[in-house]
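Bear in mind that the values in this text are calculations on the coordinates, not laboratory data. Keep in mind that what you see is a predicted model, and the values were worked out from it rather than measured. With ideal geometry, Cβ positions are generated from the backbone for all residues, glycine too; neighbour counts draw on all protein chains shown.
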Amino acid sequence: MANVEVIREGFLMGERVPRPKKGPGDFAWPSPRTVDEATKTKFRARLTEELLARGMNHKDLAILAHGEVRRKNGHVVPRQPAAARNWVFGKSFPTASAAEGLAGYFKISTADLLKPAGDLKAMPLLRMTAKQKKAHAKNGNGHDHEAAAAMSGRKGTGAVRVVPEPPPPLPLPEGASAPIVELKSFPTDPRFMAVSVSGVMPVDRALALVAMIHPEHR
């Protein structure tokens, strides 16, 4: 990363990556290229459980795993924010070496990373920086929520609720063809077009497509 100063090494970037606990002898971490969605969801669920148990979010994980850098403008930011974010939100799957580091940090085995205690849980809260708190206090309704909490005797949370990110696009089943849409002008009336759709798509999109053309046109 150009024009930056590394001010903190993450546990995945240092010379001594934390070692995981010993797991089953025949266990092998799945390849990111061939891992199935069910396994990715198990990993996301366990990773989220470990982070929530420590009061952490994906930004905290990014800092701890990959470190922090100071940009030329003086701002201190996570060194590689995308990796941790993509793991948490299911957009990518860690390599075997990264999984070993994560398991070592959480003091579990790599096999345990695929054994969540329950279903996948969203991360509804992100802690705010001092600058974000100040901006949040000057929101549209003009109320300083932290100050109001202090005056009422309630403890401020220092957190802001954010809308969970939508899930990543559902991948097509193996061997399925992506949808193809063909449009042709109707020869006898230019106000109409002949439409043909072929291919495979998720059920919700297929039903939405049917709802658009039924029952007015049939």
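Each residue of region 172-182 is assigned a 3J(HN,Hα), and the resulting list reads 6, x, 4, x, 7, 9, 5, x, 10, 10, 10 Hz, derived from the Karplus form 6.51 cos²θ - 1.76 cosθ + 1.60 (θ = phi - 60°), x at Gly and Pro. Our Cα-only numbers for region 4-123 put the radius of gyration and Dmax at 14.4, 49 Å. Across region 65-119, the mean sequence separation of Cα contacts (distance under 8 Å, 6 or more residues apart), normalised by length, yields a relative contact order of 18 percent.
A Förster radius of 41 Å, combined with the Cβ-Cβ distance separating Arg70 from Thr95, puts the computed FRET efficiency at roughly 0.90.
Within the shell defined by Cβ-Cβ distances under 9 Å, the residues around Pro18 carry a net charge of +2, with Lys and Arg each +1 and Asp and Glu each -1. For Arg79, nonlocal amide neighbours, meaning residues 5 or more places apart or on other chains whose placed amide H falls under 5 Å from its own, are Gly67, Glu68, Val69.
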